[in-house]
Amino acid sequence: MTGVTFANPEYFFLLLFVPLLLYWYWRKEKKQLVDLQISSISPFQLAPRSWRQRLRHLIAFFRILAFILLTVAIARPQSTSSGENVTTEGIDIVLATDISGSMLAEDLRPNRIEASKRVASDFINGRSTDRIALVIFAGESFTQCPLTLDHAVLLNLLKDVKSGMIEDGTAIGMGLATAVSRLKESKAKSRVIILLTDGVNNRGFIDPLTAAGITESFGIRVYTIGVGTIGTAPYPVQTPFGIQYQNVPVEIDEVLMKKIADQTGGQYFRATDNRKLKAIYDEIDRLEKTKIEVTQFRRHTEKFYSAASFAGLFLLIELLLALTIFRSVP
């Protein structure tokens with residue numbers, strides 16, 4: 001915001017002398033008039049007035065104008081600009097998401113993997129100052145998107161994620177290890193992994209607890225999410241007669257997930273439906289707040305130079321006029 005303020009506004013009281021100066025000038029002019037006792041002034045009224053007579057008040061005009069401008073100058077007009085410096089201390093986050101075949105179960109709508117993508121998209125949109133990466137895993141794992149602030153690219157890559165992209169299975173240890181590899185070189189103050197799965201570790205050559213130990217050594221916090229209802233869930237099966245649904249047991253190694261979260265300073269959550277999954281991401285969003293510092297500043301730029309310069313100019317003009325055109329003859 002920009003405006004004009006005055007550092008010494010009390011000097012504007014000097015402007016009260018302007019009416020006194022005008023009154024003094026009027027009295028002075030009146031005293032210079034001479035009374036003549038004549039029968040008629042009509043001859044004088046018909047006589048043309050010279051330009052010197054018409055402009056004789058210029059000296060007083062320039063003097064009073066200079067006084068006004070000098071008053072404004074000593075009141076010190078300043079332009080004021082204010083604003084905010086915003087400093088953000090972002091968080092580096094890796095979303096490690098299970099895309100195994102079991103993620104097609106439809107206890108979450110339309111299924112677990114699509115529900116997870118939708119909630120993750122909302123989470124990403126709310127973290128504009130954070131770098132976020134995407135790791136996917138099933139029987140093996142790989143990085144779908146490295147750490148980036150370009151969330152538009154990240155969201156497009158997340159949209160393309162689907163079950164069947166990699167060999168089936170559930171390699172939790174591999175998914176966690178890949179996520180750690182994306183964060184180990186990070187210089188962020190806070191580094192977080194959100195590990196989402198719906199099953200039990202049954203593939204991969206890295207034990208999940210070993211991966212958790214590596215994660216802890218790097219100071220990375222892991223929030224683990226188990227996705228799936230309690231009991232059984234409808235699972236689509238392709239048959240010669242079309243898609244048929246079978247109720248399959250929901251098996252999540254919650255003991256393992258809690259150990260990983262506890263060991264790394266995170267928390268374990270269970271998402272049994274879409275609403276609960278959304279609430280979990282909202283809770284993680286609250287727990288991992290990006291630090292934003294706002295510093296207000298105000299700058300003043302002196303603007304009295306113009307007023308002082310014009311005042312000096314008008315005084316110089318008054319002096320030149322008094323010494324030349326309107327010079328008094330002794």
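Values quoted throughout were computed directly from the atomic coordinates according to the rules given, and no laboratory measurement underlies them. Quick caveat: nothing in here was measured; it's all calculated off a predicted structure. Positions of Cβ are backbone-derived with ideal geometry, glycine not excepted, and every protein chain shown enters the neighbour counts.
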Tell me the label-point distance for the pair THR324, GLU10, using the 7 Å Cα-to-Cβ offset, in nm and rounded to one decimal.
4.2
In terms of the charge dipole of the stretch 91-289, which places +1 on Lys and Arg and -1 on Asp and Glu at the beta carbon, the residue among ALA271, MET257, VAL192 farthest towards the positive end is VAL192
Are there GluC sites (Glu not before Pro) in the stretch 237-295 that DSSP puts in a loop and that have at most 10 other Cβ atoms within 10 Å, and which ones?
none
Percent RCO, i.e. relative contact order, over the stretch 91-289, from Cα pairs under 8 Å lying at least 6 residues apart:
23
The stretch 153-197 to the stretch 61-81: how many Å between their Cα centroids?
67
Length gained when the stretch SER217-TRP26 is fully extended (0.36 nm per residue, less Cα-Cα span):
59.6 nm
Could you list ILE280, ILE317 in order of exposure, starting from the residue whose Cβ has the fewest other Cβ atoms within 10 Å?
ILE317, ILE280
How about the stretch 128-205: which trypsin sites (Lys or Arg not before Pro) there lie in a loop by DSSP and see at most 16 other Cβ atoms within 10 Å?
LYS162, LYS184, LYS187, LYS189
Cβ under 9 Å from GLY199's Cβ, GLY199 left aside: what net charge do those residues give with Lys, Arg +1 and Asp, Glu -1?
-4
Projected label distance in nm at ASP207 and LYS278, using a 7 Å step from Cα toward the beta-carbon
4.1
Taking R0 as 22 Å, what's the FRET efficiency between ALA188 and LYS258 from their Cβ-Cβ distance, rounded to 0.05?
0.30
Filter the cross-link list LYS117/LYS258; LYS159/LYS259; LYS187/LYS276; LYS184/LYS276; LYS162/LYS187 down to pairs whose alpha-carbon distance in this structure exceeds 29 Å.
LYS159/LYS259; LYS187/LYS276; LYS184/LYS276; LYS162/LYS187
Set the Förster distance to 22 Å, then compute FRET efficiency between ASP122 and MET165 from the Cβ-Cβ distance, nearest 0.05.
0.50
Which percent of the Cα-Cα distances in the stretch 91-289 go past 23 Å?
38
